[in-house]
Number of protein chains: 4
Amino acid sequence: MLPNAPENRSLWPMPINYDRTVHFADTDAAGVVFFANYLTICHEAYEESLAASGIDLKGFFADHGIVIPIVKSEADYLRPLSCGDKLRVTVKPALLSEDSYEIRYEITRLGRSAKSAAHVRTEHVCIDSGTRARRALPGAMSDWVRAG
Amino acid sequence: MLPNAPENRSLWPMPINYDRTVHFADTDAAGVVFFANYLTICHEAYEESLAASGIDLKGFFADHGIVIPIVKSEADYLRPLSCGDKLRVTVKPALLSEDSYEIRYEITRLGRSAKSAAHVRTEHVCIDSGTRARRALPGAMSDWVRAG
Amino acid sequence: MLPNAPENRSLWPMPINYDRTVHFADTDAAGVVFFANYLTICHEAYEESLAASGIDLKGFFADHGIVIPIVKSEADYLRPLSCGDKLRVTVKPALLSEDSYEIRYEITRLGRSAKSAAHVRTEHVCIDSGTRARRALPGAMSDWVRAG
Amino acid sequence: MLPNAPENRSLWPMPINYDRTVHFADTDAAGVVFFANYLTICHEAYEESLAASGIDLKGFFADHGIVIPIVKSEADYLRPLSCGDKLRVTVKPALLSEDSYEIRYEITRLGRSAKSAAHVRTEHVCIDSGTRARRALPGAMSDWVRAG
């Protein structure tokens, strides 16, 4: 246990599941979710997980000198998703260095027989928004990653 | 009471509230929800309400000969919305004729003091997707509108 | 001629037409453009028109104390639009007061016989982003509106 | 030269560049283009390239028995993009097998000193939409890929 970990933050009940219904606006003329929207759905799960850890989203995503942009994304699309489908997204962050982390997402289509619909991975680097130089992750963020 | 109303459909528990958190992807570089996305959020509430009445969304929004496109929208934007804001959307449909209905939406930003954030209204007309001629609403849809 | 009009700004060649192809991402599972995306397409035309008048978009849409949010939108959807359709959007701004203006858009689907696809109207009010109090339009903006 | 290549399709002037201005709706509250929208912009370039080869987009992206979904995407985000930025997207397809191809995209931010803003790669597999079994690419598509 880290001696200065305030109140065992890493033991906070971080939600690892985000449930989401497929909306009509997620779909395209092929009748299923547009490929880029799988990434958008994963980002929603990331936001929910941050919010559940007590991180203020409005401040987090605005530019206050330190920003943590996504520098890489990878997705395997395994299954088409239709309007009304019920999804569960799991969020698994892991530190890559003191200034970066990855998140692995699994999108599952729920129903009589739940099926994996996509694997997604994003990579995030903490930088100074003015100079674009790398900066160590703020404490609340490295706590969130470690709790994942 | 309509003599042939099967099992009092109009008494089904239609949800009148749709709760939704503002996502990062809803926002734009002004830091708040992009104006067109208020309409998208209302459409999600419409979908949830249809699904709760037992209407299959995948079939409903696909083109199976009869479609019910939106022919008009109106929105009053009263308040900016930020990432992480908690919203409640109420959905109030009303028949305009045997082949058309309107929906009135109220978007409220929840919190210590809940505030109205937008009024939105859409108008829907039932047509034959081939000829574009007007068609009477299918029974399940007029039931949904009447239950609103 | 206004005595203090710098370099005849109002005579600048303001583009009144914005040409745009319908993209796959604009469509939904009904096979046609999602209703809220008609508004997004009109906003693109607004941006192009501002840029053509020499207004810096990056600065314009960021929050620098004075912002000009959309307070109302109205749309009549006359015709479905499909992926690959060629559109022309006309932009007609008009002053409503010293701190507000409206824009009327006409979306035409080009082709052998051009057809009107939608009428859209937005209303914009200039405010102090801190206090939300109304403020007179900046000179460059009232010039742009008057040139429309 | 392929003996049965009708009218030297592979010599058709396939556009390899797609020029695009960053729109306000592409951005998020961090003030720059949302990461998933880089993929959407690449898909627009793909569509433009197909259309320029004479492929009908409305038919191509609808489900007519044979569909060519994206099964994988990868993106390296090198630089933030702001509203009003001028982009050029290059599209380089390559066959992976008789039923699949990849596309490599390069997004460049134009201006006094043009800079690479992202590398994106997508992988596409041709399948029967009913059985999901792999099918050989239709001739027009393998021509398009070979011409890239």
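Below is a table of values for the structure above.
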{"quantity": "Search result, residues across segment D:38-47 that are buried (at least 20 other Cβ atoms within 10 Å of the Cβ) and at the interface with another protein chain (Cβ under 7 Å from one of its Cβ atoms)", "calculated": "D:39, D:40, D:43, D:47"}
{"quantity": "Candidate set: segment B:55-90, residues that are small (Gly, Ala, Ser) and out of contact with any helix residue (DSSP H, G or I) (no Cβ under 8 Å at 6 or more places or on another chain); chosen: the one farthest from residue C:79 (Cα to Cα)", "calculated": "B:59"}
{"quantity": "Single condition residue D:22 does not satisfy, out of (1) within 25 Å of residue C:56 (Cβ to Cβ); (2) at the interface with chain C (Cβ under 10 Å from one of its Cβ atoms); (3) in contact with a Phe, Trp or Tyr (Cβ under 9 Å, 6 or more places away or on another chain)", "calculated": "(3)"}
{"quantity": "Unique match (being outside any loop (DSSP other than H, G, I, E, B) and over 28 Å from residue C:24 (Cα atoms)) among A:121, A:146", "calculated": "A:146"}
{"quantity": "Subset of segment D:85-102 that is within 14 Å of chain C (Cβ to nearest Cβ) and open to solvent by less than 40 Å² (accessible area, probe 1.4 Å) - its residue that is farthest from residue D:134 (Cα to Cα)", "calculated": "D:85"}
{"quantity": "Condition broken by residue C:42, with the remaining ones in (1) modelled with pLDDT under 95; (2) under 19 Å from residue C:24 (Cα atoms) satisfied", "calculated": "(1)"}
{"quantity": "Lone qualifier among C:72, C:58 - being without any contact (Cβ under 8 Å) to a residue 12 or more places away in the chain and within 29 Å of residue D:31 (Cβ to Cβ)", "calculated": "C:58"}
{"quantity": "Hits in segment C:103-127 (condition: out of contact with any Ser or Thr (no Cβ under 6 Å at 6 or more places or on another chain), open to solvent by 20 Å² or more (accessible area, probe 1.4 Å) and modelled with pLDDT of 95 or more)", "calculated": "C:104, C:109, C:110, C:115, C:119, C:121, C:123"}
{"quantity": "Failed item, numbered, when residue A:67 is tested on (1) open to solvent by 30 Å² or more (accessible area, probe 1.4 Å); (2) more than 10 Å from chain B (Cβ to nearest Cβ); (3) farther than 21 Å from residue B:41 by Cβ; (4) not hydroxyl-bearing (Ser, Thr, Tyr)", "calculated": "(1)"}
{"quantity": "Which listed residue, of D:81, D:87, is within 30 Å of residue C:59 (Cβ to Cβ), touching a Lys or Arg at 6+ places or on another chain (Cβ under 8 Å), in a strand (DSSP E or B) and of a type outside the set (D, E, K, R)", "calculated": "D:87"}
{"quantity": "Matching residues, segment D:50-60, being within 9 Å of chain C (Cβ to nearest Cβ), under 13 Å from the mean Cα position of the chain (by Cα) and open to solvent by 20 Å² or more (accessible area, probe 1.4 Å)", "calculated": "D:51"}
{"quantity": "Condition met for residue B:82 (more than 12 Å from chain A (Cβ to nearest Cβ) and among the small types (Gly, Ala, Ser))", "calculated": "no"}
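The values are calculated or read from the model by the stated rules, or taken from the named source; none is laboratory data. The structure presented is a predicted model; accordingly, all values stated were derived computationally and were not measured. Counting neighbours? That spans all protein chains shown, and the Cβs are built from the backbone with ideal geometry, glycine included. Just the protein is used for accessible areas: all its heavy atoms, side chains included, with ligands, DNA and RNA removed. Shrake-Rupley method; radii C 1.70, N 1.55, O 1.52, S 1.80 Å.
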